[in-house]
Amino acid sequence: MSTEAYQVIARRWRPKQFSELVGQDHVVRTLGNAIKMGRIAHAYLFVGPRGTGKTTSARLFAKSLNWENGPSLEVPDDSEIGRSIMEGRCLDVIEIDGASNNSVEQVRDLRDECQYAPSQCRYKIYVIDEVHMLSQQAFNALLKTLEEPPPHVKFVFATTESHKVLPTIVSRCQRFEFRSIPPSLIAEKLSQICKSEEIEIEEEALVAIARMAGGGMRDAQSILDQMISFCGKSIRQEDVLEVYGLVAAEEIERLLHAVLAGDYEEILKLTEEFSAGGLDFYRALLDLSECFRIRLLGCFGQSDKANASPEKITRILDALQAGESMVRLGLSEKSNFEVTLFRAVEAGRTRSIDSVIRNLSTLIEDPVKKKRSELTQIDSDSRASRDKPPKAAIESNGERRNEIHKGVEPSPDSSIRENSMVSAADKEPSQEARSADSDLSAAGLPLNSDKERDQANGSDEKKIDQAEPLEAVEKLRSIDPETISRRVRSLPSSIRAIIEDKFRGEYSAVERIDPQKLI
């Protein structure tokens, strides 16, 4: 085979139908529905990383619109217009390189050519690749034509840097985001190519090539083409690692465990091995970051996070990403690589201030909460024991109420049992009782002896016990108001001030109260 007739794999295996486009199903579905429904816009903007199918999709879309029996998503292989479009021979599908045709004069020429009808196709389609390379004056010259183009003109723009395209251009286009192709889909496509080309390749070699491609199918196919030239019909993982200076997955795993464990000797040993083998330190750092990312996703939900907690791995990833530019652009890749790993180890050992404060707060709050619960329990128990009357008193009061309810005088035994519960200290008047008597004496109210007072109190209690609550209230209300006023005037001014000013009380009765009951 002559050299001139040979085509690289990336060109020979370029998709010829939308069904062959890998990893961009959302773009295929949207464009297919637009063709079926007749909702074809006048301008499209394809944005995405290199080698993901932007220019190829523009050609396929132009072929779907212009073939003889179109427009339709699938185009037969025997279509002459379709073949001419895919080969770049069609006069009505104009591909322009934005990097070399970025002047305002060239855009003005394009604007004048748009007015002419297509020569052999249904639409005249302009595909401008790397459109972000156009100058601002060229963009401004294209605005009016882009907003209101002739009905037979369609624009398709492709770019890898959408932020450099003017917002006035973006707003006039339908934007399609081309995503990075997952390594699994790249490896699957490469395996299909190798089977068709009768090339034996190890699964690990496919994974290594897909990992190096960085989400671009064209890059992966170019790497495969180079490996075929290097190895012939049989490709192994060691060959891929040797040609491109990659670190084996097992070595990256060893390096990951060394960073997690803080084993500086192992880190230095592995770094020396990478340097002796002429390996790419920057690529090794990227692979290590990817392994930590996978470990971070896998550690969520695990019960044992002592050695690989999400917080620790996140700090390590921050240190690795901070050292990427230093390893790539520094004078000594090996030294910068080692320093980056050492910083990652130290970052993994540190703790954030928030987590430390949170742990200290937990240690302090647990004993305090436990002590509070114990004090609350003791307080509730003491209140229950204080509020609960003695069992003998309950029995005595119950028997007495039963006897009163039946119309029978309380038995002497019950009185003896009741009086036996009163202590000697309760029988003698306290200091508060004596002060209350002095207040009554100053008010001009008659004072009785202790015996008479006890008898009066006993008779009052007997009357209250025998009377119903409503009857007792009615009895208090039946007191002559003049009598109440007279007794109120006889009260000391200090007592009246307390009742009237502080409690806002109204007088319904003024009776002598047993000082013992005020204790």
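How many of the residues in segment 247-280 are within 36 Å of the chain's Cα centre (by Cα) and among the small types (G, A, S)?
5
Kindly indicate whether R254 is closer than 22 Å to K312 by Cα and surrounded by 15 or more Cβ atoms within 10 Å (Cβ to Cβ).
Numbers: closer than 22 Å to K312 by Cα: yes; surrounded by 15 or more Cβ atoms within 10 Å (Cβ to Cβ): yes.
Judged against the criteria, R254 is a match.
Sort out which residues of segment 152-211 are in contact with a helix residue (DSSP H, G or I) (Cβ under 8 Å, 6 or more places away or on another chain), surrounded by fewer than 17 Cβ atoms within 10 Å (Cβ to Cβ), closer than 22 Å to A248 by Cβ and not acidic (D, E), and write them in order of number.
Once the filter is applied, which keeps residues that are in contact with a helix residue (DSSP H, G or I) (Cβ under 8 Å, 6 or more places away or on another chain), surrounded by fewer than 17 Cβ atoms within 10 Å (Cβ to Cβ), closer than 22 Å to A248 by Cβ and not acidic (D, E), segment 152-211 yields S184, S191.
How about segment 69-91: which of its residues are acidic (D, E) and either open to solvent by less than 20 Å² (accessible area, probe 1.4 Å) or at pLDDT below 90 (or both)?
Narrowing segment 69-91 to residues acidic (D, E): 74, 77-78, 80, 87.
E74, D77, D78, E87, listed by residue number.
Answer with yes or no whether D129 is of a type in the set (D, E) and free of Cβ contacts under 8 Å to residues at least 12 places away in the same chain.
On the way: of a type in the set (D, E): yes; free of Cβ contacts under 8 Å to residues at least 12 places away in the same chain: no.
Here the answer is no, as D129 does not meet what is asked.
State all residues of segment 122-136 that are in a helix (DSSP H, G or I) and at pLDDT 90 or above; if no residue qualifies, say none. Spell out how you get there, then give the answer.
Restricting attention to segment 122-136, the residues satisfying the condition of being in a helix (DSSP H, G or I) are 131-133, 136.
Across segment 122-136, the qualifying residues are V131, H132, M133.
Within segment 304-313, does at least one residue satisfy the condition of being modelled with pLDDT under 65 and of a type in the set (D, E)? Lay out the reasoning, then the answer.
Going through segment 304-313, the residues modelled with pLDDT under 65 turn out to be 304-307.
Retained after the next criterion (residues that are of a type in the set (D, E)): 304.
Checked against the condition, which is being modelled with pLDDT under 65 and of a type in the set (D, E), segment 304-313 yields at least one hit.
Mind checking which pairs have a first residue in segment 332-344 that is surrounded by fewer than 17 Cβ atoms within 10 Å (Cβ to Cβ) and a second that is among the acidic types (D, E), Cβ under 9 Å, 6 or more apart or different chains?
These pairs meet every condition: K334/E272.
Among the residues of segment 165-199, how many are under 32 Å from the mean Cα position of the chain (by Cα) and among the basic types (K, R)?
Looking only at that region, the number is 2.
The values are calculated or read from the model by the stated rules, or taken from the named source; none is laboratory data. Computed from a predicted model, the values in this text were never measured in an experiment. Because the Cβ atoms are built from the backbone with ideal geometry, glycine has one as well, and the counts that use them run over all protein chains shown. Remember, those area values only see protein heavy atoms, side chains included, never the ligands or the DNA or RNA. Shrake-Rupley method; radii C 1.70, N 1.55, O 1.52, S 1.80 Å.
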